[in-house]
Each structure stands twice: as structure tokens, then as C-alpha cells.
Amino acid sequence: MSGNGKILVIGGGISGMTAAIEASEAGCDVVLVEKNPYLGGRVAQMNQYFPKLCPPSCGLEINLRRIRTSPSIRCLTTAEVEKIAGGPGSYQVTVRQQPRGVNNKCTACGACVEACPVERPNQYNLGMDTTKAIYLPFEMAYPVQFAIDGEACTGSECGKCVEACPYQAIDLEMKAETIEIEVQAVIWATGWEPYDASQIDGLGFGTYPNVINNLMMERLASLDGPTAGKIQRPGDEKEITSVAFVQCAGSRDENYQKHCSGVCCMGSLKQTRYVRDQYPDAEIHVFYIDIRSPGRLEDFYAAVQEDEKVHFIKGKAAKITEESPGGDLLVEAEDTLSGRRITQKVNLVVLATGLVPTDAAISIEGGELQRDEHGFLTADQPMAGLLGAGCAKRPVDVAACVRDATGAALKALQNCVK
Amino acid sequence: MPDPYPVKPDREFLHRILDEGGENVKKCFQCATCSVVCNLSTGENPFPRKEMIWAQWGLKDRLMADPDVWRCHQCNDCSTKCPRGARPGDVLAAIRQQTVQHYAVPQVLAQWLSQVKYLPLVLLAPVILMAMALAARGLLGKSSHYGFFAELFPHWLLIAFFSTITTAVAAGVVMGVWRFWQGMKAADEASGGYKPVLGLVPSVINTVKAILTHEKFGQCTTQASRRMAHLLVFYGFLALFIVTIWAVIDLYLNPLIGIKAMYPFDWMHPMKILANLGTIALIAGCVMVIRDRLKNEEEYGGSTLFDWTFVGLLLAVAVTGFLTQIFRFAADPHERLAEMTALGNVAFTVYFVHLVLVFDLLVYLPYSKFAHIVYRTVALVYSEHTGRDGKTAEEA
């Protein structure tokens, strides 16, 4: 105990990690609660950052080291906050930690994986491949510790992993735990989910295998992704010669999500680079209403516009059909600059789906969080000491999340010194 | 790219669009979802995205000369999928109303018909005219021998009265439509795009075929019921129109070539059967339209005075006509006007109302929604003629 108060940070993505680190380095105790078995959140799933096209693993590694070496951060993975009671200055928090099935004796040797007979869809790769029921979430995962998917694992009846583990690191009888904590402030860094594009009428996501979303594209392009970094069609594993990026898929739309997520334009511009790097001859078509590349990001947009292989079509792609089952796709739009209705045939469609604020079901005794009409937390919360940070507050890029989380850490600290 | 040209925004026009059915036009942010989800919007000339921005900018000239506005059958596929709730379907309907009023001759009648405050005048004027016609009958002599309703309105008077009006109305319609055609042609010529791909006669034939089958309606998805309702109204009206024409032929032309007039037809006369089937279709169709318009504004689109007066009038004409017929068969055809009972008075009142309503329908045709029958047809013919739906000369 440093004696400078204690805060809770909900969510171990880039915002939560930043808030936890900044607060701890200012001398505060921090409990960081993350529902996944690893830290890093959405950033851990990205291939490259815009506009510099550098890998997120770099910054993530630095932040993980700061967490690892901090004596004042208590990190609870596979855990979710259940209940918050009390009031400003003193919140009593109930955390429920699910059994990981693997203790900290684990060295990540992987002997258990060989032994495990059960496959599960790999959520880290958005279901595009599978892992065994006992798995390391990804290469760089922290804690460096395997985890067991409780829903897929058949339990002690099987027990093959227990026998295979040379370090007695696996405990199939591990029980869920309830942890009570008292804190002065809580930071909501609960992040976002990709909008469920299968809700969108006429774009074929979930029906046509070669229509994917932008996060799937990140995974396809990542070296630790389902294809080891090779961009190919999910339907038939073919290489691609043409791709369409569909901006505002389900965004800025009263029928789906009303808000603009602000980052999907830059995301798609960035992803055109992924395609060009792997397929120098591929034709890339970007269907947009208007490209949002604020500030210095405009330079990146201008650079992509210079690329003769990238064709910008000002008009929303409102209809996608499959030419043949599992085959090429026909994307329809009106090119509003020429006034013609066009049908573009492509191998792969990437829907630039927006960010939905994660709906963390946490009961708060004697109050509630204030959200805007889109579900994001408002900047000023009615209960002192309850704060939002990063994409829980508004859809923003990583740099903005880091700035916002740093600010949130300062506000949380103000609640500790009172 | 065409050369830059000065844009002439017409603010008054924009406000008319906003006030008369297109109140959401300014919400449009030009994403063009509408032009893609519409099954009638085609390759070279998609709509309604461009119409939305023209309306926002008050570019009346362009919209008044735009056949695409009339290629829309307002099924609202666009309005239900619009991400902004700008309701392009409703905006196009408002533009069509403005087009009818823009080309109408004389203009003042168009103004009367579009505003609630003139409604009493619009309804009362025909009553007065009709009463004057009745008064004229008193001066001009006794009735003929064609049964019971002729007691009130001798057929010669009826036909003289309505023929005069129909001719005047037809002249107004022809003038309006001629200006409309010239407007569309001038706009295409200005942009260098007036290139007919199909002769006028085949264009008319194609259009009539499309109208008879309601083929375009069939391509709308949001409102499948709209096609059926419109088919019923259309064929109901067509049947009654044929019967009316035949009645005049029977009464005045057949005797000239030695065929005895059959009018008034009895129950089992083929024309009477056609008339009754037509009336039932017309009433059923109108009821469907009214039901849909009341039930689901979200999917069906907003309804303006322009819409309500037209469908209301059609229904009223059909109902009063049907009642009039019942009275005719209920009464003794040899009874004279002077001996009429209470039933007779009711019957004559209904008949009088029916005639006033028919008068309304006819005389207000060039200024009411009824005019879509000519403007849409002409716009569709023009579209066929100029290959607007993307057909080349060979394909056409």
C-alpha cells in the first residue's frame, strides 16, 4: 500500500492499461479488471497503426512491461465487475473472477495443447480459425499463461492436459472467486465491439463468406492471424486481385447505428496499404460517403489518393450480391460525381463497420452511469469518482484513447486525495 | 463534365417542397443509398439522389424537366432504407405535385387545389355551376323519355355540359403536357444528351404495355400491396370510362346507323356488368389505398391534401354512382318527376352529388393528382424514347 488511495480500472485494453499505469506511477494503488485472459484488448488484435503503419505490439510491449514491474497494480484477468456499492470517496466493488484452469506455474511450454482433444472457435481471430480448449490467447499474451475455455473443455473426465503438464500448472477443479475491493474512484475503460454487420440489410455479411469486416481484415493481415498474415478469401482461400472497402457499413444510419465512428475511414485507408503490400496489382475500390481524415491524417489520405490502384467512389455501397456461391461479389453504388449507377465485381469485400460501446452489465447501487443516445459514457458523470475513458466514451483512435485515459487517471487521482 | 453554369436557386420552390410533403428533404447527405436500393433506378440515370440535392438547392428548372421524378412509383424502398430519414419517396411525390401545378393552365386553379383554405371554394364552385345548369334546363324545356334520372338532367344537357367541360380540360392538359415534353427535351438538349433511341410510336406502345401490366409497380418491394390497390383502381376506372363512352355511342351514334339505343342498360347488359365490376374494383382499390395510407405512414409515405382529395374524390364518385344505380333500379322507370316520393328526393340528391363529384374529378384533372395519369405516361414515353433506363438504340 502506497497510502495514496486506490482506484479500480475496468477493462485492460489500451485505455485501461494507460489509466492504470499513469495512476500507479503517480503513487496510487490500482486494481485492473479484464474479462479476457489477457491484456491489450482490441489493440492486441490490430496489425498496424495508422498513419505510421507501425505494429501495435511495440507500444503494447512497453506498457505491459510497465504493468509487470509496477508494485502497485493488481491485475485480475478472466474477471468482471459484478456490483458497485457505496458512494463518492468510498466505493465497495465486487469482482467475480472466473477459473482460468491454469495457475502461475505455467511456462507456456505448450505440452498441454498437444494432449487436448477439443477444438474451439478462436475469438481472438474472430472465429476464423480454432484453438484447443486449452490455449495461449496469442504469442505476446500477458499474463504469459495458458487458459482453459470452460465452455469447450470437457473437464476432469478427460484430464489429458493435466497428465501432459510437467509443471503441475493445470487445475481443472479451480473455482470462480469473488473478490471485494474498496476504492475511491472507478474508471470505465470498457472499450468497444465491432458492430454486428449481419444486421445490415443487403450487404451479405454472415451469408457471403467473402464479405468480412474491418477487424477480420486486421487479423487476416497479422502475422499471428489465422492465415499467418496472408490476405486471402475466407470462402475458398484464393489470392485476391480486387477488393472493395465499404465505408459507413451500418454507421451514420438511423436504421442501424446513428453515430459516425470516426476511425473507420482511416482504418480502411490503412488497410489499402496491407493489400497493396501483398498484391501490387490488385485493384482496390473504396466506396465512401465522405472520407474523414482530420488534421494531419489528411496527408495519409492524400498519399493513398495518389495510388493509381486505389479507386475512390463517392457513393455508399448499398447492395452486395454474390456472383456464385462462395465466389466473387457484385457491389452496387451510385458514383455521385458522375451520376452513374455502377456495379463493381470484386473478390473480397471489407465492411468498415463502426464501434459499438461495450455493454458491461454492472449494477451500481444508488445510481447509474450516464450515457449519450449512442450508448457512450458522457464526459461528466453524475456520481463523483465514476469516470469513462477511451472508446467507452467516444469512438476514437489509439492515440486519442491514450490521451483520454491519462486525463481520466488524473481525475481519478483527484478523488483519492480528498 | 458540362461547362459551369449559373445556378438559380428558387427559395419559394424549396419552401413549397418543405411545406407540401417533402419536409425532410434537408436531412439528405447524398450517400446515394436510395439510388441503389430502388429497383427502377437504372445505370445512366439513377434517382432519387440527384433529385434530393436539386430540391435542397431549389433548382426548380431541373426538377420540372426531369422525367426520372415520374419513373418513381413511390413504393418507398428508398425511404425505408434512407440512413437519415430524409424520405426521398415523399420528396419525389412533393416534386410531382409541384410539377403538375407548374405546368397547369390556368395557374390559379392549381393554387386553389393545393391549399386547404381554398377547399370550400373548390367544393362549392361546381355545385353552383351545376345548379346553374339545372336552372338552364328549366328554361330550355322538358325532359326526354330515358327514365327516371333523365327527369332531373336530360341527357342532352348532361352531355353538352360535360362535353364542353371535358374539351376545356383536355385543352388545358394538352398545353401543360406539351410544355412538360418541351421542358424535358430542352434540358436534355442543353446538356447535349437528347438522343432518341426509339421512335415515338413504339415508345408509346412499350409504355402502355408497362402501364397495363403495372410492371414497374411489380418491382417495388417495400409495399407489395400498392400494386394490387393501384391495379384495382386503374382497371375499375378504365371499365367505367369505357362504359361511359359506350353509353354516349349507344345513345347518339348507334341510332344514326339504325341501331336502337339500349340505354339505360338493364342489369344483365354486358356494359352494365362491366360497369358494376369496375365500380366494385374502384371502391375496393380506393379503400385499400386509404387503409394503407392511414395504417403505415412509415412505409407508405406521408399523405398530403393532394393525395387525400384525389383518392377521396374517386371513392366518393364510385360510391355515389353505385347508389344512384340502385335507386334507378328501385324506382319505376315510368314514373314522372312530379310524382316522385320521398325516395325519389333522396335519389335525386344522391344523383346530384354524384354529378357534382364527377364534375370535380374532370374539371380539376389538370391541377389535381389525377394529372399523374398524363404526366407520368408522358414522362415514361419520353424515357423510352430517349433510352433513359439505359437501353441503347439496338436494345430498344
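Any read-out appearing in this document is the output of simple, stated calculations on the displayed coordinates, not a laboratory observation. Please read all numbers here as calculations on a predicted model, not as lab measurements. Reconstructed Cβ throughout: ideal geometry from the backbone, glycine too, with neighbour counts over all protein chains shown.
Can you work out the PRE-style zone for residue A:324? Point 7 Å along Cα to Cβ, and I want the residues of the stretch A:172-215 with backbone N under 19 Å. Once the point is set 7 Å along Cα→Cβ of residue A:324, A:208-211 turn out to lie under 19 Å by backbone N, inside the stretch A:172-215. With chain B treated as a Gaussian network of Cα nodes joined by springs under 10 Å, which of B:205, B:280, B:245 yields the largest mean-square fluctuation? Looking only at B:205, B:280, B:245, the largest GNM fluctuation is found for B:245.
Charges on Cβ only, +1 for Lys and Arg, -1 for Asp and Glu, centred on the Cα centroid of the stretch A:196-355; of A:240, A:284, A:315, which one is farthest towards the dipole's positive end? Result: A:315. Note on residue A:6: aspartates and glutamates with a C-alpha under 12 Å away, same-chain residues under 8 apart excluded, are A:29, A:182.
Only lysines eight or more places from residue B:81 in sequence, or on another chain, were considered; those with a Cα closer than 20 Å are A:258, A:314, A:316, A:319, B:26, B:27, B:50, B:216, B:295. 3J(HN,Hα) along the stretch B:177-185, derived from phi through the Karplus expression 6.51 cos²θ - 1.76 cosθ + 1.60 where θ = phi - 60°, amounts to 5, 4, 5, 4, 4, 4, x, 4, 5 Hz, with x in place of Gly and Pro. Mind jotting down the distance between the C-alpha centroids of the stretch B:173-206 and the stretch A:50-104, whole Å? The two parts, judged by their Cα centres, are 70 Å apart.
Max-minus-min Cα coordinates of chain A on each principal axis give 66, 52, 34 Å, with the largest extent listed first. Since only A:112, A:63, A:382 are under comparison, the one whose Cα sits farthest along the positive direction of the charge dipole of the protein assembly as shown, derived from C-beta charges on Lys, Arg, Asp and Glu, is A:382.
Extension gain for residue B:238-residue B:116 works out to 41.0 nm (0.36 nm per residue, less the C-alpha to C-alpha distance).
Between the helical axis of A:398-417 and the dominant principal axis of chain A, each derived from Cα atoms, what acute angle in degrees is found, rounded to the nearest 10? Between helix and principal axis, roughly 20 degrees.
Explain nothing, just the number: dipole magnitude of the stretch A:196-355 about its Cα centre with +1 on each Lys and Arg Cβ and -1 on each Asp and Glu Cβ, in debye rounded to the nearest 20.
The dipole magnitude comes to about 260 debye.
Taking R0 as 35 Å, what's the FRET efficiency between residue B:171 and residue B:53 from their Cβ-Cβ distance, rounded to 0.05?
For R0 = 35 Å, the calculated efficiency reads 0.45.
Between residue A:146 and A:108, the built amide H atoms are under 5 Å apart, and every one of these is 5 or more places off in sequence or on another chain.
Between the stretch A:294-333 and the stretch A:141-210, the alpha-carbon centres lie 35 Å apart. In this label model, residue B:253 and residue B:373 are separated by 1.8 nm, measuring between points 7 Å along each Cα→Cβ vector. Here the sum of -39500 (n - 2.57) over DSSP H runs of 4 or more residues, divided by the residues of chain B, equals -20500 deg cm²/dmol at 222 nm, to the nearest 500.
Annotation: amide H-H contacts under 5 Å for residue A:342 (H modelled 1.01 Å from N, sequence separation of 5 or more, or interchain): A:333, A:334, A:335. Evaluated with a Cβ-only charge set (Lys, Arg +1; Asp, Glu -1), the protein assembly as shown carries a dipole of roughly 1840 debye about its Cα centre, given to the nearest 20. The residue list A:400, A:194, A:95 was ranked by how far each Cα lies along the charge dipole of chain A toward its positive end, using unit charges on Cβ atoms, and A:400 comes out on top. Which shape class, rounded, prolate or oblate, goes with the stretch A:196-355 when its Cα gyration tensor gives a ≥ b ≥ c as root eigenvalues, a/c under 1.5 marks rounded, and past that a/b bigger than b/c marks prolate? It is rounded, given that a/c, with a ≥ b ≥ c, falls under 1.5.
Comparing mean-square fluctuations of A:230, A:393, A:319 from a GNM of chain A with C-alpha springs under 10 Å, the top value falls on A:319. Quick check: Cα centre of the stretch A:249-275 to Cα centre of the stretch B:217-264, how many Å? So the separation of the two Cα centres works out to 55 Å. The dipole here belongs to the stretch A:265-304: it is taken about the Cα centre, uses +1 on the Cβ of Lys and Arg and -1 on the Cβ of Asp and Glu, and is about 160 debye. Quick one: angle between helix B:224-248 and the longest Cα principal axis of chain B, in degrees between 0 and 90, rounded to 10, please. That works out to roughly 40 degrees.
In chain A, the longest principal axis of the Cα atoms and the axis of helix A:264-278 are about 70 degrees apart. Residues within the reach of a label modelled at residue A:25 (point 7 angstrom out along Cα to beta-carbon, backbone nitrogen below 17 Å), restricted to the stretch A:366-402, are A:399-402.
FRET efficiency for the pair residue A:69 and residue B:107, taken as 1/(1 + (r/R0)^6) with r the Cβ-Cβ distance and R0 = 60 Å, rounds to 0.10. In this structure, residue A:311 and residue A:53 have a Cβ-Cβ separation that, at R0 = 35 Å, corresponds to a calculated FRET efficiency of about 0.95.
Over chain A, dividing the summed -39,500 (n - 2.57) contributions of all DSSP H runs of at least 4 residues by the number of residues returns a 222 nm mean residue ellipticity of -6500 deg cm²/dmol. Across chain B, the longest run free of exposed loop sites, meaning trypsin sites (Lys or Arg not before Pro) lying outside DSSP classes H, G, I, E and B with no more than 15 other Cβ atoms within 10 Å, spans B:1-141.
Taking the DSSP beta bridges with both ends in the protein assembly as shown, the antiparallel portion is around 50 percent. Across every pair of non-identical alpha carbons in the stretch A:111-164, the mean reciprocal distance, once inverted, gives a Kirkwood radius of 11.5 Å. Under a 5 Å amide H cut-off, with hydrogens placed 1.01 Å from N, residue A:118 pairs with A:133 among residues at least 5 apart or on other chains.
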